[in-house]
1. Residues in segment B:172-189 that are out of contact with any strand residue (DSSP E or B) (no Cβ under 7 Å at 6 or more places or on another chain) and either outside the structural domain of B:M258 (by TED's automatic domain parsing) or part of a loop (DSSP other than H, G, I, E, B) (or both): how many?
2. Return the total of residues in segment B:211-224 being within 15 Å of the ligand (Cβ to nearest atom) and modelled with pLDDT of 95 or more.
3. Looking at segment A:96-203, what helices (runs of 4 or more DSSP H) fall wholly within it and have at least 1 residues that are under 25 Å from B:K173 (Cα atoms)?
4. Filter segment A:243-266 down to residues that are more than 22 Å from A:V144 (Cβ to Cβ) and in contact with a helix residue (DSSP H, G or I) (Cβ under 8 Å, 6 or more places away or on another chain) and give me whichever is surrounded by the most Cβ atoms within 10 Å (Cβ to Cβ).
5. How many residues are more than 15 Å from the ligand (Cβ to nearest atom) and crowded, with 24+ Cβ neighbours inside 10 Å when one looks only at segment B:186-195?
6. For segment B:65-88, enumerate the residues that are more than 22 Å from A:H80 (Cβ to Cβ), at the interface with chain A (Cβ under 7 Å from one of its Cβ atoms) and surrounded by fewer than 16 Cβ atoms within 10 Å (Cβ to Cβ).
7. Go over the candidates B:G180, B:G133, B:G168 one by one and state the one that is within 16 Å of the ligand (Cβ to nearest atom) and modelled with pLDDT of 95 or more.
8. For segment B:476-484, state whether one or more residues are over 30 Å from A:A121 (Cα atoms), of a type outside the set (V, I, T) and either under 24 Å from the mean Cα position of the chain (by Cα) or surrounded by 21 or more Cβ atoms within 10 Å (Cβ to Cβ) (or both).
Amino acid sequence: MRYLPLTDTDREDMLARIGVPDVDALFSDVPAGKLLTAPLDLPRTKGELEVERIMARMAGRNVAASSVPFFVGAGAYKHHVPATVDHLIQRSEFLTSYTPYQPEIAQGTLQYLFEFQTQVAALTGMEVANASMYDGSTGTGEAVLMAHRVTKRRKAVLSGGLHPHYAEVVRTLSEMANDAVVSLPPDVSANEDILSQIDDETSCVVVQNPDVFGNLRDLTPIAAKAQAHGALLIAVFTEIVSLGAIVPPGAMGADIVVGEGQSIGNALNFGGPYVGLFAAKSKYIRQMPGRLCGETVDSTGQRGFVLTLSTREQHIRRDKATSNICTNSGLCVLAFTIHMTLLGQAGLSRLAEVNHANAVKLADMLAGVKGVTVLNASFFNEFTVKLGKPAAAVVEALAAKGILAGVPVSRLLPKAGLDDLLLVASTEINTDEDRAAFVAALAEVL
Amino acid sequence: MLNRQGRPTQSSAAATEQHATFTGNKALQQIEPLIFEIGHHETTGVDIDAPAPFKSRLGKHARKGEIGLPGLSEPETMRHYVRLSQKNYGIDTGLFPLGSCTMKHNARLNEKTARMPGFSDVHPLQPVSTVPGALEVMLELSHYLMTLTGMPAVALSPKAGAHGEACGMMAIKAAIAAKGEGATRTVVLVPESAHGTNPATAALIGFSVRSVPARDDGTVAVEDVKALLGPDIAAIMLTNPNTCGIFEPQIVEIAAAMHEAGAYFYCDGANFNAIVGKARPGDLGVDAMHINLHKTFSTPHGGGGPGAGPVVLSERLAPYAPVPFIHVEAGTPRLVENAADAPPGNVPFGRMTAFHGQMGMYVRALTYMLSHGADGMKQASEDAVLNANYIRAGLSDLMSLPFPDHPSMHEALFDDEWLKGTGVSTLDFAKAMIDEGYHPMTVYFPLVVHGAMLIEPTESESKASLDLFIATLRDLAMAAKGNDKERFTAAPHHAPIRRLDETRAARQPVLKWVKPAPVAEAAE
Ligand SMILES: Cc1ncc(COP(=O)(O)O)c(C=O)c1O
């Protein structure tokens, strides 16, 4: 087997050196009768060519986003990733290293984490950011737990504009920990009355911007009311590119900002791995979950970086830790930070502008299709359309025509009475031809 | 003079000579500034045309100020990250014996298949009818995991080991609640030797943690567990093989005792690499066990992630598995994304994450499994165990073994008893290994032995590589015992940077780059 260097002679020599007759003697602690004698019923070793063929056959059964006009979003977005990014993240020293527990031989990882934290803090308008969470949804769950620790209260209020999967993750965690959650009903037009939900028991208010329906929200009054009641505002985003064009949550008074970073540097990957971004006001730093990279000096005074404030973490604090997270999104962080370095603020603003322009064009074209209404007063690169027909069936019909049109709201919110709503996203990848094909096919299907 | 392994027989004097350079660089080791110190706010390394004029729909939400981030051109970006990479040690650099972490070879075929557009370029919410191959990967991976563990069900979506622990413990909590015992069964037993994620997970889910003592031989005794059992006990979280590298000899009795007391057995499967194809958790009485695909099944650690932590579940816990999952009806797979759509008998406890988990890692792990096959995976486990015991045999006359009565599984645990009186600590010893070109072993974990050194070579090392490693550790051990203290306490001498001041980092946290004050002001 090509991955195993030992030869049979090696094995024999080594057993002799150890002083046991055979390898099973090393398994002597396995209880009687529990050591497997027969091989398991799975195929045998295969060569690289054969494995590649098997995997390619399965991959070939899926429709790749770049092979069709593609408008699917709702928390994961198709963007162009520069070739430089994927080349660099495959360098052995990045790909095959571990968590930088030995900082003297992990300065590469530590320096990019420090740069990443600086980038995330700047993008969100916050004071500090951590070294990543698994993804936006689990990060949101962790943000709620952090708010409970900070406020010593246990009730979260979730906006009806929060991505339903994110809300479900929060509810699952909260139910397990016996914490209270108030979930507002789906809020298609961003006009819910969340302020009246905030009281002196509220630990945090969780609001997404742009929300899952694509609406842009002013978080300032929510932050003010929450803070007046001793609660925190957790601002969530699922499309980090939006922060190139809209007011960042930090400027609206958010206490914790959490969201999905997949759009920058990372492929769609059918949902993972992605990269959760997590930022906060620095006064809450000791309650933050996850790893933090900090600057220090070595014994000669040279600048270097280490993981720090780890007394918050599971390997030191055990059951009193701020989170159980250990492995995070390392390499996805690297992809993010390389792409972000290439973009810079100039490139990100331009990218955001093109995304918005494409979405505006598409919204205007769709609004011209008979039976279609665009519901958003404002949006960035995603919006909601009302079709007058169940959106799931329309999406299937369009898929049959080779167009991936968006996400039916009913897929995220079944039985919510929103079956005729469709979430449509448009990024820099879409061309005039894509839009024309979408609109023509939709007119046929409706 | 060189010996047969091509190594100098004495430590090299030339290596310690100092020739200061004007730049501070040392040939291939370059000092690399932060992007904020070399980039410009107007620079970008991505060419994107401005859109034709259009009417913004951002309304009052348009960003006002600038972000405050520099960009780099493409060549500058390439050089920056290549230089950073050269300050890192990876598996491809050399032996990486980090116990509990299973730093095995990461085959590049896995990277290639994961990047096939049919896997990397599919959206989690595109119509299910357009992703039958993705469901096939998930089903195939599930089949392999269930077969290798002998367990009847698997929840794929957890994003790493700790997330898998949370998933398994939530299933246990849901099962307990379903029996009406939610208010009483609130305590989880965790051995002192457990990884920190175990107690942290139990606490996260609202359990309180009670410690199980370890016996002098590094294992958990069924009598000690039984003594703690009662109507308040929900589960035990036990690692097997355990964190001392020992297969728990009484695991079957412990599982039976838990079940008899109406409680559950969560097994931490981080060390599964020792027993793939050799023993099945399902035969041992396990109710839930996470598998770190980034350890046992070779998906790269990537400098700290991403991973994947599928959880295999017993018959008793399977109905509570979270959404999403794939249900096969009459040969047709159906993706169940909402509890309301779950087939009869299933009562999902909720959702662990948006979407469907770590597809990119599923593809890599499945590629690994297909490559190895059942025979290769069994051989890999045997070689991993053989390699660990070979290192142990090569060092145990010089370094102290806290638990000599049990064979090691895939990792060998030493303590610092043998360093007593030398003035050299476990940490110093680890840093001296860096100078010799090795990544240190895991140090100070598990907590049950003093100054732990946990060595896990994995099956990826050749005998020649192990021989050189053993010889080097022997040289170091002799030096430590031979009053060569400075070699250790001031180490590393040859890394890109000298020993870092971690206390200072924690006392005055600097967690992001801040533009320095202009020189004139700073001077005042
Ligand atoms: C014994 C043990 N349990 C659990 C974990 C946690 O796994 P992860 O880092 O994937 O969350 C680890 C990993 O370091 C481990 O070694």
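1. Looking only at that region, the number is 6.
2. Residues of segment B:211-224 that are within 15 Å of the ligand (Cβ to nearest atom), as a first pass: B:214, B:218, B:220.
If we keep only those that are modelled with pLDDT of 95 or more as well, we get B:218, B:220.
So the count comes out to 2.
3. On the way: elements: A:107-124, A:136-151, A:164-176.
Per the criteria, A:136-151, A:164-176.
4. Of all residues in segment A:243-266, those more than 22 Å from A:V144 (Cβ to Cβ) come to A:244-247, A:251, A:263-266.
Pick out the ones that are also in contact with a helix residue (DSSP H, G or I) (Cβ under 8 Å, 6 or more places away or on another chain) and you get A:244-247, A:263-266.
On the way: A:G244: 25, A:A245: 22, A:I246: 25, A:V247: 21, A:S263: 28, A:I264: 28, A:G265: 27, A:N266: 30.
Only one residue fits best here, namely A:N266.
5. Narrowing segment B:186-195 to residues more than 15 Å from the ligand (Cβ to nearest atom): B:186-187, B:189.
When the remaining residues are screened for being crowded, with 24+ Cβ neighbours inside 10 Å, the result is B:189.
Residues flagged as more than 15 Å from the ligand (Cβ to nearest atom) and crowded, with 24+ Cβ neighbours inside 10 Å within segment B:186-195 amount to 1.
6. Answer for segment B:65-88, where residues must be more than 22 Å from A:H80 (Cβ to Cβ), at the interface with chain A (Cβ under 7 Å from one of its Cβ atoms) and surrounded by fewer than 16 Cβ atoms within 10 Å (Cβ to Cβ): B:E66, B:G68.
7. Details: B:G180 fails: within 16 Å of the ligand (Cβ to nearest atom); B:G133 fails: within 16 Å of the ligand (Cβ to nearest atom).
That would be B:G168, the only listed residue that is within 16 Å of the ligand (Cβ to nearest atom) and modelled with pLDDT of 95 or more.
8. Initially, segment B:476-484 is screened for residues over 30 Å from A:A121 (Cα atoms), giving B:476-484.
Now narrow it down to the ones that are of a type outside the set (V, I, T): B:476-484.
Subsequent filtering for residues that are either under 24 Å from the mean Cα position of the chain (by Cα) or surrounded by 21 or more Cβ atoms within 10 Å (Cβ to Cβ) (or both) retains B:476, B:480.
Yes, there is a match, as at least one residue in segment B:476-484 is over 30 Å from A:A121 (Cα atoms), of a type outside the set (V, I, T) and either under 24 Å from the mean Cα position of the chain (by Cα) or surrounded by 21 or more Cβ atoms within 10 Å (Cβ to Cβ) (or both).
The values are calculated or read from the model by the stated rules, or taken from the named source; none is laboratory data. The structure presented is a predicted model; accordingly, all values stated were derived computationally and were not measured. Don't worry about glycine lacking a Cβ; one is built from the backbone with ideal geometry, like all the others, and counts go over all protein chains shown.
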